[in-house]
Every structure is written in structure tokens, then in C-alpha cells.
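Note sheet for the following structure.
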Amino acid sequence: MTAGRRRPLLSAETCRPIHTRHRVATLPERTTAGAERREVWCTLRDGTRLRTILRLPVGSGPWPALLLRHPYDVTRDETGGPVSVDRLVGAGYLVALQDVRGRYASEGLFDPSAQEREDGADAVAWLAALPECDGLVGMWGASYASETQFSAALGGSPALRSMVPSVTPVASGLDGFRFRGGVRELGSMFAWSHFAIAPNAVARIVDADARSAEQARWAEVDRRLMSGELFRPGALDADLDADATVAWMRDRLREPYDSPAHSVGKVGADAHGIDAPAFLVGGWYDVFLGSTLAMYRRLRARAADSGTPGPHLIVGPWSHDNMTGRIGGADFGPSSSIDDLGGDGDLTAQHLRWYDATLRGRNTLDGVAPVRIFLMGADRWVQLAEFPPAGSTELALHLGADEQLDREPAAAGSASFDSDPADPVPTRGGATLLFPPYEPGPLDQTELESRPDVLSWRTAPLADELVVMGQVSAVLHVATTGTDANLVVRLCDEHPDGRTVVLADGIQRGSARGVDPITGAGPVAPLTPGRTEEFRVDLWSTAHAFRAGHRIRVDVTSTSSPRWEVGTNRFLGSNPSQGDVHEPGVDAATLTIAFGGEHPSRLLLSIPPATTAPRTT
């Protein structure tokens with residue numbers, strides 16, 4: 001696909017809103033618990049109409065309005081979802097739930113992300129102009145519904161005065177969305193395009209024969225997905241008669257790193273144009289944790305420069321779609337769920353507190369810490385002025401001989417493993433968004449660590465508790481017998497009973513070490529076989545208390561499939577697609593991690609100051 005070209009998933013001739021009963025201008029009204037419900041059309045600047053559910057409070061308005069926009073059928077949010085619509089309405093807010101263009105009951109063609117700036121701005125202006133609205137609008141929502149908030153702001157929405165984006169991918173297309181460390185995010189891209197988007201796209205096809213043919217293509221993708229065929233090296237770029245949604249996803253993954261296609265729907269290097277105050281919600285095991293925290297940093301910097309209110313942030317022991325506090329076989333306690341945030345209400349209450357302050361001018365945020373994070377290991381909430389805490393220091397733990405990880409630099413040495421693309425290390429836990437049987441969270445890595453292609457280093461048992469709170473990274477000095485290499489690094493907590501749970505992870509492709517993770521600019525070059533090169537691997541962030549008697553452990557390997565694309569150990573050129581192959585085929589390669597002396601391979605952890613004494617609940 002050409003970088004600047006916009007191609008819809010399906011043609012106008014074959015698509016329609018799936019529910020034809022929504023084609024009237026205003027559907028019959030009914031009341032629920034005394035509140036009025038309407039289904040109406042929101043007409044955009046080009047005449048396209050979007051199905052919108054309005055929930056009106058009891059009494060006479062006008063009221064401030066709250067808007068949710070996403071492609072997943074907004075009727076589900078009326079009685080489900082992490083935020084209670086009934087309670088928002090009961091608190092005196094006009095609530096609008098809207099299917100985006102080309103999805104479910106809305107008209108038009110779905111062009112993911114690209115459509116949302118203009119459409120979002122139109123939707124906010126339309127809602128603000130309703131006689132039932134007082135002219136002020138807030139938004140909320142997770143994942144794509146967080147992207148629609150930022151897009152509306154960037155599209156020019158003066159009425160948009162408050163946002164609560166959760167688990168947001170908007171910071172960059174190259175740092176956990178389509179790519180990470182130069183490696184394609186195959187697992188999450190398939191999970192989204194094939195399971196979340198494609199079924200409705202197929203159902204909207206009017207012609208029965210065309211719909212049947214598309215269903216057959218979807219079924220073939222599903223078969224190859226479940227069998228694992230699509231995760232073999234080069235399989236995504238081999239001949240595949242894919243359904244339109246997966247073909248759209250594949251087209252974008254074939255774009256070079258610096259393609260404008262990867263910036264569509266993304267905020268970019270700063271937060272210019274984002275004027276509405278934002279309350280961000282994230283999860284330590286969310287696939288978009290890095291993006292959520294990046295947006296927190298950018299919004300905080302913008303607020304400092306402009307003198308506007310700074311963002312608030314809450315991060316729990318959650319994944320992209322599990323906020324119960326029970327994840328990956330771990331139970332973080334009764335106060336780890338969005339239904340009980342450690343004596344600070346639930347997530348709906350925190351939304352209302354935010355909106356009351358930002359839309360109604362109430363003092364509901366007085367005394368509320370801007371940052372609340374869940375400290376895993378200690379299983380408690382910590383309140384902070386900023387994240388990471390001011391005065392944090394960097395702790396370097398050096399890799400050494402005999403799998404030792406220590407504060408002191410090691411004597412020169414090395415350790416090696418063979419990377420075989422035909423036998424990749426399977427994904428087990430971490431910050432993922434996949435499909436059964438792959439689940440996110442702090443899963444035990446013991447089985448993986450027994451493989452010969454996984455190297456591990458660990459500290460001695462800790463004499464005292466050590467709290468890590470902030471960014472995590474690794475600097476590794478690596479040589480390969482191939483012309484390219486991927487490095488996967490995991491930070492783990494090794495328990496006294498031998499269990500090893502993953503806390504944070506990351507990946508870096510050697511040839512893409514010079515690529516900027518926001519713009520995609522920078523050199524892409526092969527590795528020289530046998531020459532030791534420095535890799536810096538970003539593991540994003542965590543907040544974890546390593547208890548006395550536990551060990552800090554770091555695992556290093558080259559694959560994590562199906563999460564990340566399996567590398568070929570061969571340089572494929574400046575385009576990440578297998579279609580730009582300089583050296584076709586795959587090779588097993590030997591990777592050597594050098595440490596000590598001139599090659600100080602090390603794990604870098606952010607340690608909060610002992611004098612911070614953060615408030616805990």
C-alpha cells in the first residue's frame with residue numbers, strides 16, 4: 001500500500017450499517033430508571049450519519065455532556081464496561097455513546113484512525129450544540145476509544161474540556177502498536193484486526209455471495225492463525241488470500257518505519273494541540289503501557305510550558321482487558337480491582353471526580369494526588385506527585401559469569417545461545433494483547449528458562465526489600481553469526497520456591513537500533529557477523545517491591561512468539577517487510593552476550609528515593 005493513500009476496508013457498494021432499523025432520524029424514546037434514552041443520528045460534515053445513543057438525566061438541563069466513541073458496538077457500554085453509564089447519568093451528565101464511521105449501526109466506510117480527527121471534532125461540536133448540553137463536553141474510553149479522544153482534540157474541538165483516556169496507543173505507532181524495537185507486533189495486530197474488527201466488517205457486506213466469499217477468507221485466516229502458520233518467519237508476507245481487514249493490517253505492517261502511515265491517529269513527539277486536561281488510566285501488563293506513560297510525560301511537559309492543569313495518572317496491576325486485579329494466576333488482593341481502588345472509590349467514582357472538577361469547576365480534586373500507582377509485590381496503592389518520583393536514581397545490575405547479576409561490574413566473559421527461527425520461544429505472560437491460550441500477566445517463566453536458547457542472570461537472595469518504581473531497560477553487548485538479530489529481555493521476580501514471574505519485557509532488532517521510536521527516522525543497517533554491538537532494550541516501566549529472600553532475575557532470548565515476529569537472523573533491508581528481502585531465507589545463528597571489561601552488559605532499574613515516603617493505601 002502506498003504510504004499516503006487511504007483505502008477503506010471495503011467498498012461503498014458492498015457496505016451498509018448492519019442495523020437498518022437505525023436509519024430513521026430519531027428512534028422512539030423510552031426511559032430507564034427515570035432517565036430518558038434516545039437513539040439519534042449525528043450527521044458529519046460530509047453527510048455521513050453516526051448512530052448515537054443519548055442518555056439524559058432526570059430533570060431539566062442543560063447538562064455537561066460525556067462522549068464515548070469506538071468501533072465495538074456502543075450498546076454494550078450501556079450496561080457493561082469498566083465505567084457505569086447509569087451512574088454518569090445519575091450524577092447529572094448527558095451521556096452520548098457513538099459507533100464510529102463504518103461500524104455497527106453507523107453509516108460510511110471504516111478507515112481506522114484516519115477518519116477520527118474530523119469525525120471526532122464534528123461529533124463534539126454536534127453534541128455541544130444540542131439544547132440539552134451546556135456547551136461543555138468530556139470524553140472517556142479505552143484503547144481505540146482513547147484514540148478518538150486525542151483525535152477529537154487534535155481535530156479542533158474547543159468544547160472538549162476533559163478527557164479520560166485508558167490504555168492508550170496514541171503516543172507512537174512504532175513503540176508497542178505496530179512495531180516495538182523495530183519488530184512487528186504480529187500477535188496484537190492479529191488479535192485486533194481478525195477478532196475485534198473483521199467480523200462486523202464481513203457482516204456489513206450486502207451481497208450474499210460476496211459476504212460468503214469474505215467469510216471463507218476469514219475462516220482460512222482463522223485456521224492459519226490457530227495452527228500457528230501465520231507466525232512462522234515470512235508467513236505474513238507469503239501468498240494469502242486474506243479478508244479485507246487482515247489485508248489492511250498486513251499492508252500497514254509492510255510499510256517502512258518512517259512511513260506516514262504509522263503516524264495516523266498518533267499524537268507524535270509532543271502534545272501540542274492537546275488543551276483539555278487528561279486523566280490517564282494504564283495497566284502494568286497492558287500492551288500499550290509504554291504509550292500511556294509516554295502520553296503522561298508529554299502532557300505533563302506541555303502543562304508545565306503552558307501553565308495549564310497537568311495530567312493525572314493511575315496504573316494498576318491490569319492488562320488491556322482485565323482490570324480485576326486477578327491476572328496471570330496472581331491475585332493482587334481485594335483493593336486491586338477497578339471496583340475497589342484501595343479506599344479511593346471505584347473507577348467510575350474517579351471519572352466523576354475528574355469531570356466534576358474539570359467540567360463543573362468543583363473542588364473535587366483538592367487533596368487528590370496526581371499519580372496513583374499499584375506497587376506489586378507489596379500489593380498496595382502508592383500516591384505520588386509525579387511518576388517516576390522526583391529524586392529517583394538508576395541502579396545498574398551487571399551481568400557476569402555463572403549467571404550472576406550484581407551491583408559491581410563483572411570480570412570479562414560471555415555466554416552464548418543458538419537462535420533457531422524454526423523453534424521460537426513461546427510467549428508466556430507479560431504486557432500482551434493476544435488470544436487463547438496466550439494470556440497476559442505475571443506468569444511463571446520457569447518452563448521457558450529451562451530452554452537452551454534462554455539465558456538468565458540473577459542476584460543473590462535480597463537481604464532487604466528493594467522497590468523498583470519507574471523505567472526499566474537493559475544494555476547488552478551482543479555478537480551474532482548472522483547479519484541481524486532480535487533480542488528479547490524480561491525482568492522477573494524469582495521467588496524462594498523457584499517460581500519466576502515476569503514483570504516487564506521488551507525487544508530490539510539489531511538493524512533498527514538507530515530508528516527513532518516516534519518518527520521512524522534513522523539508519524537501518526545490517527550487523528557484521530562476529531562483531532560485538534551494543535543493544536539498548538526498553539522494557540518500559542514497572543512498580544514492584546522485591547521482597548527479602550527473592551532474587552532479581554533477567555532473561556535474554558531472541559524470540560517470543562506469537563507476540564513478536566520471529567526474526568530470520570538475516571538482514572532484510574530498510575523495509576521491515578519480507579517483501580524487501582536482501583538475503584531471502586532463514587538461518588539459525590549463535591548469539592553471544594559479552595559482559596564485564598569493555599562490554600558492561602547491565603540491567604538498569606529506577607529506584608525511588610528513600611526520603612520520598614510515598615503515601616500508601
### Query
Just for helices (runs of 4 or more DSSP H) wholly inside the range 195-261: which have at least 2 residues that are open to solvent by 50 Å² or more (accessible area, probe 1.4 Å) and of a type in the set (G, A, S)?
208-227
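If I ask for residues that are β-branched (V, I, T) and touching a Leu at 6+ places or on another chain (Cβ under 6 Å), which ones from the range 321-375 would you list?
Within the range 321-375, the subset β-branched (V, I, T) is 324, 327, 338, 348, 358, 364, 368, 371, 373.
If the condition is that a residue be β-branched (V, I, T) and touching a Leu at 6+ places or on another chain (Cβ under 6 Å), then I338, V371 are the ones that fit.
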### Message
Given the condition of a type in the set (S, T, Y) and either without any contact (Cβ under 8 Å) to a residue 60 or more places away in the chain or buried (at least 23 other Cβ atoms within 10 Å of the Cβ) (or both), answer yes or no: does some residue in the range 473-480 qualify?
### Response
yes
### Task
List every residue pair whose Cβ atoms lie under 6 Å apart, where the two residues are 6 or more positions apart in sequence or sit on different chains, the first residue falls within the range 307-319 and is farther than 19 Å from R353 by Cα, and the second residue, located anywhere, is charged (D, E, K, R) and open to solvent by less than 30 Å² (accessible area, probe 1.4 Å).
S319/D286
### Query
Among E147, E118, which is farther than 23 Å from R360 by Cα, open to solvent by 20 Å² or more (accessible area, probe 1.4 Å) and within 25 Å of the chain's Cα centre (by Cα)?
E118
### Message
Which pairs turn up if I take residues in the range 277-289 that are within 19 Å of L160 (Cα to Cα) and look for partners that are among the charged types (D, E, K, R) and in a strand (DSSP E or B) with beta carbon separation below 9 Å, at least 6 apart in sequence or on another chain?
### Response
P277/R161
### Message
in contact with a strand residue (DSSP E or B) (Cβ under 9 Å, 6 or more places away or on another chain), modelled with pLDDT under 95 and either assigned by the TED database to the domain that holds V502 or open to solvent by 10 Å² or more (accessible area, probe 1.4 Å) (or both): is that true of D275 in this structure?
### Response
yes
### Task
Go through (1) among the small types (G, A, S); (2) out of contact with any strand residue (DSSP E or B) (no Cβ under 8 Å at 6 or more places or on another chain); (3) open to solvent by 30 Å² or more (accessible area, probe 1.4 Å) one by one and return the number of the condition S511 breaks.
(3)
### Summary
Subset of the range 34-48, residues without any contact (Cβ under 8 Å) to a residue 12 or more places away in the chain and over 15 Å from A125 (Cβ atoms), comes to G47
### Message
Checking L136 against (1) in a helix (DSSP H, G or I); (2) surrounded by fewer than 24 Cβ atoms within 10 Å (Cβ to Cβ), only one condition comes out false. Which one?
### Response
(1)
### Query
Does V170 satisfy the criteria of being surrounded by 24 or more Cβ atoms within 10 Å (Cβ to Cβ) and in contact with a Leu (Cβ under 9 Å, 6 or more places away or on another chain)?
no
## Note on the structure
For the range 42-60, the count of residues that are within 11 Å of R101 (Cα to Cα) and not in a strand (DSSP E or B) equals 2
### Query
Counting just the residues of the range 66-108 that are assigned to a helix (DSSP H, G or I) and among the hydrophobic types (A, V, I, L, M, F, W, C), which one comes out nearest to A349 (Cα to Cα)?
L88
### Query
Under the condition of being under 14 Å from V467 (Cβ atoms) and of a type in the set (V, I, T), which residue from the range 336-392 is surrounded by the most Cβ atoms within 10 Å (Cβ to Cβ)?
I373
### Message
Cβ-Cβ distance below 8 Å, separation of 6 or more or different chains: which pairs start in the range 216-243 with a residue that is over 21 Å from P199 (Cα atoms) and end on one that is open to solvent by 50 Å² or more (accessible area, probe 1.4 Å) and among the aromatic types (F, W, Y)?
### Response
none
### Matching option when the condition is under 16 Å from V554 (Cα atoms) and out of contact with any strand residue (DSSP E or B) (no Cβ under 9 Å at 6 or more places or on another chain), among S416, S450
S450
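The values are calculated or read from the model by the stated rules, or taken from the named source; none is laboratory data. Being a predicted model, the structure only gives us computed values, none of them experimental. Note that each Cβ is placed from the backbone with ideal geometry, even for glycine, and that neighbours are counted across all protein chains shown. Accessible surface is based on the protein model in full, side chains and every heavy atom, while ligands, DNA and RNA are left aside. Shrake-Rupley method; radii C 1.70, N 1.55, O 1.52, S 1.80 Å.
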